[in-house]
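The values are calculated or read from the model by the stated rules, or taken from the named source; none is laboratory data. All of these numbers come straight from a predicted model, not from anything done at the bench. Cβ placement follows ideal geometry from the backbone for every residue including glycine, while neighbour counts extend to all protein chains displayed. Heads up: the accessible areas ignore ligands, DNA and RNA and are worked out on the full protein's heavy atoms, side chains in. Shrake-Rupley method; radii C 1.70, N 1.55, O 1.52, S 1.80 Å.
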Amino acid sequence: MSDASDASLEDAADLLAARYREPTRPTPAHWSAVLDTMLSHRSVRGFLPSTVPAATLDLVLAAASSAPTSSNLQTWSVVVVEDPARKARLARLAAGQKFIEQSPTLLVWLADLARLEALAAARQQTVEGIHYLELLLVAVIDAALAAQNAVVALESLGLGSVYVGAMRNDPLGVAAELGLPKRVFPVFGLSIGFPDPSISTGIKPRLPPAAVVHREQYSAAAQPRAIAEYDARMSAFQAEQKMGPEIWTEKVINRVRTPASLSGRDRMREVLAKLGFELR
Ligand SMILES: Cc1cc2nc3c(=O)[nH]c(=O)nc-3n(C[C@H](O)[C@H](O)[C@H](O)COP(=O)(O)O)c2cc1C
């Protein structure tokens, strides 16, 4: 742990307070550049047209490759999409979200069991294990860890990003557009680029630790109060960002209220079967 200057420790207390939207937070004893980047996170949905330099992308992808990976299997891949026409087609498959076309680069993160299968096939071997749900979990976790390392790397360099879960609204369409082989699943997209400085976004508060951190054993006892506090803090954040009034609790319930609330993703089991995942 490295000590930081008094000034940056005060900034650290402000960042901690912002993350939970508490009026104040005690000054932490230690701080680091990595914590500073992580606690400053916000998704970016407004980008400058400038392209992401190839050397920067190389660094970001090296950070992605540095993520831990289950049994060193490295069951993830990424497709870098810069062609405007392809980005536009992918945007249409992902709920028409404008930032996908506007950002210079879309990274599509893949759970990739095809590489493992091909390695075995080249040795005239089969790999039965890849047909189990466990291996899809492994590959999705690998892809997510790699992608989040890329997010932190981007933010440390002054770039921004936003995940695109809507890439799973139509995974078959995405797979066709990207030429994915069987047993490769597009987990999510990540639009990246230089943030448009004319659009300011605040730090979106997160649930208080009392709602998510359990000691030794799970207990939901503290949740009602912590979540009521959070609803109030999120409402204040929404008002500050000039976004419509919205109660977090209602919003998240609505997000999963019915199968239709999943925007097409309620058919995921069927879609995965078509992509070659048996999920035994
Ligand atoms: C897996 C994943 C998928 C997401 N998909 C979308 C998306 O399709 N569109 C979007 O605008 N934001 C998307 N987001 C961004 C979240 O809305 C955002 O992270 C969350 O509201 C918290 O805000 P913050 O990242 O600014 O702190 C996604 C985030 C994750 C982790």
Task: Per-region count, the range 102-132, residues charged (D, E, K, R) and either touching a residue at least 40 places away in the same chain (Cβ under 8 Å) or crowded, with 18+ Cβ neighbours inside 10 Å (or both) - done: 3
TODO: Filter the range 198-227 down to residues that are open to solvent by 90 Å² or more (accessible area, probe 1.4 Å), part of a loop (DSSP other than H, G, I, E, B) and without any contact (Cβ under 8 Å) to a residue 60 or more places away in the chain, then give me how many there are.
DONE: 5
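So that you can scan it fast, the table gives a plain yes or no per residue for (1) over 29 Å from Ala143 (Cβ atoms); (2) outside the structural domain of Val108 (by TED's automatic domain parsing):
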{"residue": "Asp6", "(1), (2)": "yes, yes"}
{"residue": "Asp11", "(1), (2)": "yes, yes"}
{"residue": "Leu16", "(1), (2)": "yes, yes"}
{"residue": "Arg19", "(1), (2)": "no, yes"}
{"residue": "Pro23", "(1), (2)": "yes, yes"}
{"residue": "Thr27", "(1), (2)": "yes, yes"}
{"residue": "Phe47", "(1), (2)": "no, yes"}
{"residue": "Thr69", "(1), (2)": "no, no"}
{"residue": "Ala91", "(1), (2)": "no, no"}
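Which residues, counting only those in the range 133-142, are open to solvent by 10 Å² or more (accessible area, probe 1.4 Å) and among the hydrophobic types (A, V, I, L, M, F, W, C)?
Here is the first cut: in the range 133-142, the ones open to solvent by 10 Å² or more (accessible area, probe 1.4 Å) are 133-138, 140-141.
Across the range 133-142, the qualifying residues are Leu133, Leu135, Leu136, Leu137, Val138, Val140, Ile141.
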Open item on the list: Kindly evaluate Ser40 against the criterion of being within 16 Å of the ligand (Cβ to nearest atom) and polar (S, T, N, Q).
Closed with: yes
Open item on the list: For the range 143-166, check the following and say yes or no: at least one residue is open to solvent by 60 Å² or more (accessible area, probe 1.4 Å), acidic (Asp, Glu) and either assigned to a helix (DSSP H, G or I) or in the same structural domain as Gln74 (by TED's automatic domain parsing) (or both).
Closed with: no
Task: Positions within the range 80-129 being part of a helix (DSSP H, G or I), away from the ligand (no atom under 13 Å from the Cβ) and charged (D, E, K, R), in sequence order - done: Arg86, Lys87, Arg89, Arg92, Glu101, Arg115, Glu117, Glu128
- [ ] Mind listing just one residue for me: the one in the range 228-280 that is closer than 30 Å to Val184 by Cα and of a type in the set (Val, Ile, Thr) and, of those, surrounded by the most Cβ atoms within 10 Å (Cβ to Cβ)?
- [x] Val271
Task: Residues of the range 59-93 satisfying the condition of being within 15 Å of Gly158 (Cα to Cα) and open to solvent by 60 Å² or more (accessible area, probe 1.4 Å) - done: Leu59
Task: Unique match (being within 10 Å of the ligand (Cβ to nearest atom) and in contact (Cβ under 8 Å) with a residue 12 or more places away in the chain) among Gly173, Gly193, Gly158, Gly189 - done: Gly189
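So that you can scan it fast, the table gives a plain yes or no per residue for (1) touching a Lys or Arg at 6+ places or on another chain (Cβ under 6 Å); (2) at pLDDT 95 or above:
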| position | (1), (2) |
| --- | --- |
| Arg233 | yes, yes |
| Pro245 | no, no |
| Met268 | no, yes |
| Phe277 | no, yes |
Task: Residue among Leu190, Leu180, Leu172 that alone is open to solvent by 60 Å² or more (accessible area, probe 1.4 Å) and either in the same structural domain as Ser77 (by TED's automatic domain parsing) or part of a strand (DSSP E or B) (or both) - done: Leu172
- [ ] Identify the single condition in (1) surrounded by 16 or more Cβ atoms within 10 Å (Cβ to Cβ); (2) at pLDDT 95 or above that Ser40 does not satisfy, given that it satisfies every other one.
- [x] (1)
Task: Inter-residue pairs, beta-carbon under 8 Å, first on the phi < 0 side of the Ramachandran plot and in the range 11-24, second open to solvent by 50 Å² or more (accessible area, probe 1.4 Å) and of a type outside the set (D, E, K, R), 6+ apart - done: Ala12/Thr27; Ala12/Leu35; Ala13/Thr24; Ala13/Pro26; Ala13/Thr27; Ala17/Pro23; Ala17/Thr24
